[in-house]
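S.K.: Take a look at the following structure, please.
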Amino acid sequence: MPTARPWPEPSNGTSNRIDGRIDVVVHLGFAVLMVASAVRYVMRHSPADNLWTVALALAVCALYAVTAVLVHRQHPGQRKQQLWIPWMVALVAAWATLVVIAPSFAWCSFAIFFLTRTAFRGWAGYVAGGATAAATAVGLFRMSDWTDIAMLLGPLAAGALLTLIYDKIERDAALQRRLFDDVTRAQEQLATKQREAGIATERERVSREIHDTVTQGLASSLLLLEAAQRAWPAETAHQDVRKATDLLRRNLADTRSLVHELSAPGLETGPLPEALEHAARQYFEAVSIRVTGDPYPLPSEVRHALLRVTQSAVANIKLHAHAEHASVTLGYLPDAVTLDVFDDGRGFDPAAVPPPSAHGGYGLRAMRQRVEQLGGELSVESSPGEGTIIAAQFPLTRLADPAIVLKEAR
């Protein structure tokens, strides 16, 4: 039994529709050519010759219809139920007999050839296609009274040419399917990596939000409570306890804001200088706010970053600088906005900052990541005994870059 090829499964809906249209054209061509060939044969031969030839032609049509339906309905997974194989063998045998007896039907060889190549693969397809071409060659050579060698070689050459073209089409289709599968796998891998990158980015963002709000607030509250414990029961101790209580309440509000999409209350609608002053005075009361340039509306992500950088920088002043005064300067430039946080504390060596650990060290790292994520720059100027300046600059033109917008969306 010859090896049969199951009906190829289309890689997508478009190829399925194209294959269906080609099949319809081939089948309609076979029907039209069979009718035309039958009319030509009947007009050129006697009624005695017509009867058996027309009956054989009708049998070929029936075999063609049954085989085409079975091949079309076959599914790729039903390799053991290739019911069209005996029908296809019978069709090729009946067709070979018909075209040898009545060469007028030779034009229908094209449809028979394509149906055999659709049903069979490998050597079976070559045998079935070769038998179709050979029968056509013999029929036409017989019609020329065995004298016209072109009638013999023409169908054989046409069959060989069609075989080469069909093989090329099949190879291209197989390559296209492999490329389609490769692209699909690559897209799935890319989607997986994008999801993983999005998760990592979101983790970084949440860690920065927690550090700039809850962690800094708790640390400041702890300092106030420790100071109150040392001074208790003096009036200053009661004041420190009240400050710590207020700060803890604000931290609770910040925590609830983090749960609700990490939003900052009042940031989206209130004036930015007032929001920065409110954020700074949570941690250090002796801070002044100054604005330079003509204020203009800023993107919400820039406003959010300015608030968080201010919170983190002023909290570090409270925890580490031992400063008496601090200032926050918000600068509006034509194509950028700047933020400078200054203190007159004891300063430090920026090159000697220890890496983040369980004891802290996340402040500068979180601020730098937040600023650079929006395409900005963060610089730290400090030395022991000389105070500290933390300067951030956000170029507003960069925020129109689709890559920046996509990065923020993730």
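S.K.: Search the stretch 176-197 for residues being closer than 30 Å to residue 130 by Cα and among the basic types (Lys, Arg), and hand back the single one that is surrounded by the fewest Cβ atoms within 10 Å (Cβ to Cβ).
M.R.: Restricting attention to the stretch 176-197, the residues satisfying the condition of being closer than 30 Å to residue 130 by Cα are 176-178.
From what is left, the residues that are among the basic types (Lys, Arg) are 177-178.
Values: 177: 16, 178: 11.
Looking at residues that are closer than 30 Å to residue 130 by Cα and among the basic types (Lys, Arg), I get 178.
S.K.: Still on this structure, please answer the following. When you scan the stretch 81-128, how many residues do you find that are over 21 Å from residue 58 (Cβ atoms) and not in a helix (DSSP H, G or I)?
M.R.: 4
S.K.: How about the stretch 299-318: which of its residues are in contact with a strand residue (DSSP E or B) (Cβ under 8 Å, 6 or more places away or on another chain) and surrounded by fewer than 23 Cβ atoms within 10 Å (Cβ to Cβ)?
M.R.: Correct list: 302 only.
Rundown of residues vs (1) surrounded by fewer than 18 Cβ atoms within 10 Å (Cβ to Cβ); (2) among the hydroxyl-bearing types (Ser, Thr, Tyr); (3) in contact with a Leu (Cβ under 9 Å, 6 or more places away or on another chain); (4) in a helix (DSSP H, G or I), yes/no style:
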| position | (1), (2), (3), (4) |
| --- | --- |
| 134 | yes, no, yes, yes |
| 141 | no, no, yes, yes |
| 147 | yes, yes, no, no |
| 153 | yes, no, no, yes |
| 159 | no, no, no, yes |
| 162 | no, no, no, yes |
| 165 | yes, no, no, yes |
| 168 | yes, no, no, yes |
| 174 | yes, no, no, yes |
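S.K.: Under 6 Å by Cβ, and 6 or more places apart or on different chains, what pairs join a residue from the stretch 299-325 that is under 15 Å from residue 287 (Cα atoms) with one that is open to solvent by 10 Å² or more (accessible area, probe 1.4 Å) and basic (Lys, Arg)?
M.R.: Every condition considered, the pairs that remain are 322/346.
S.K.: Ok, one more. Taking residue 23, is it at pLDDT 70 or above and open to solvent by less than 70 Å² (accessible area, probe 1.4 Å)?
M.R.: Here the answer is yes, as residue 23 does meet what is asked.
S.K.: Within the stretch 37-47, which residues are within 14 Å of residue 103 (Cβ to Cβ) and small (Gly, Ala, Ser)?
M.R.: Listed by number, the residues that qualify are 37, 38.
S.K.: Is there a residue being under 25 Å from residue 44 (Cα atoms), open to solvent by 10 Å² or more (accessible area, probe 1.4 Å) and touching a helix residue (DSSP H, G or I) at 6+ places or on another chain (Cβ under 6 Å) anywhere in the stretch 114-125?
M.R.: Of the stretch 114-125, the ones under 25 Å from residue 44 (Cα atoms) are none.
No, there is no match, as no residue in the stretch 114-125 is under 25 Å from residue 44 (Cα atoms), open to solvent by 10 Å² or more (accessible area, probe 1.4 Å) and touching a helix residue (DSSP H, G or I) at 6+ places or on another chain (Cβ under 6 Å).
S.K.: Could you give me the residue pairs with C-beta distances under 6 Å whose first residue belongs to the stretch 346-372 and is at pLDDT below 80, whose second residue is among the polar types (S, T, N, Q) wherever it lies, and which are 6+ apart or on separate chains?
M.R.: 363/312; 363/316
S.K.: Condition (residue is over 18 Å from residue 112 (Cα atoms), at pLDDT 80 or above and part of a helix (DSSP H, G or I)) applied to the stretch 26-39: is it met by at least one residue?
M.R.: Yes, the stretch 26-39 contains at least one residue that is over 18 Å from residue 112 (Cα atoms), at pLDDT 80 or above and part of a helix (DSSP H, G or I).
S.K.: Given the structure, is residue 270 at pLDDT below 85, surrounded by fewer than 17 Cβ atoms within 10 Å (Cβ to Cβ) and not in a helix (DSSP H, G or I)?
M.R.: Against the criterion (at pLDDT below 85, surrounded by fewer than 17 Cβ atoms within 10 Å (Cβ to Cβ) and not in a helix (DSSP H, G or I)), residue 270 qualifies.
S.K.: Test each condition in (1) open to solvent by 60 Å² or more (accessible area, probe 1.4 Å); (2) under 18 Å from residue 376 (Cβ atoms); (3) touching a Leu at 6+ places or on another chain (Cβ under 9 Å) for residue 296 and report the one that comes out false.
M.R.: Checking residue 296 against (1) open to solvent by 60 Å² or more (accessible area, probe 1.4 Å); (2) under 18 Å from residue 376 (Cβ atoms); (3) touching a Leu at 6+ places or on another chain (Cβ under 9 Å), the one that fails is (3).
S.K.: Kindly provide the set of residues from the stretch 40-73 that are outside any helix (DSSP H, G or I) and either among the aromatic types (Phe, Trp, Tyr) or in contact with a Ser or Thr (Cβ under 8 Å, 6 or more places away or on another chain) (or both), ordered by number.
M.R.: 45
S.K.: Tell me, please, whether a residue that is modelled with pLDDT of 80 or more, open to solvent by 50 Å² or more (accessible area, probe 1.4 Å) and out of contact with any strand residue (DSSP E or B) (no Cβ under 9 Å at 6 or more places or on another chain) can be found in the stretch 387-410.
M.R.: If we filter the stretch 387-410 for residues that are modelled with pLDDT of 80 or more, which is where we start, we get 387-396.
With open to solvent by 50 Å² or more (accessible area, probe 1.4 Å) added as a condition, the list becomes 389, 393.
Okay, now just the ones that are also out of contact with any strand residue (DSSP E or B) (no Cβ under 9 Å at 6 or more places or on another chain), so none.
No, the stretch 387-410 contains no residue that is modelled with pLDDT of 80 or more, open to solvent by 50 Å² or more (accessible area, probe 1.4 Å) and out of contact with any strand residue (DSSP E or B) (no Cβ under 9 Å at 6 or more places or on another chain).
S.K.: Surrounded by fewer than 18 Cβ atoms within 10 Å (Cβ to Cβ), outside any loop (DSSP other than H, G, I, E, B) and touching a Gly at 6+ places or on another chain (Cβ under 6 Å) - does that describe any residue in the stretch 342-364?
M.R.: no
S.K.: Sticking with this structure for a sec: Among 10, 76, 2, 47, which is the only one that is at pLDDT below 80 and touching a Pro at 6+ places or on another chain (Cβ under 6 Å)?
M.R.: After ruling out the rest, the residue left standing is 76.
The values are calculated or read from the model by the stated rules, or taken from the named source; none is laboratory data. This structure is a prediction, so every number in the text was calculated from the model and none was measured. Please note: Cβ atoms are built from the backbone with ideal geometry, for glycine as well, and neighbour counts cover all protein chains shown. What goes into the accessible areas is simple: the full protein's heavy atoms, side chains included, and nothing from ligands, DNA or RNA. Shrake-Rupley method; radii C 1.70, N 1.55, O 1.52, S 1.80 Å.
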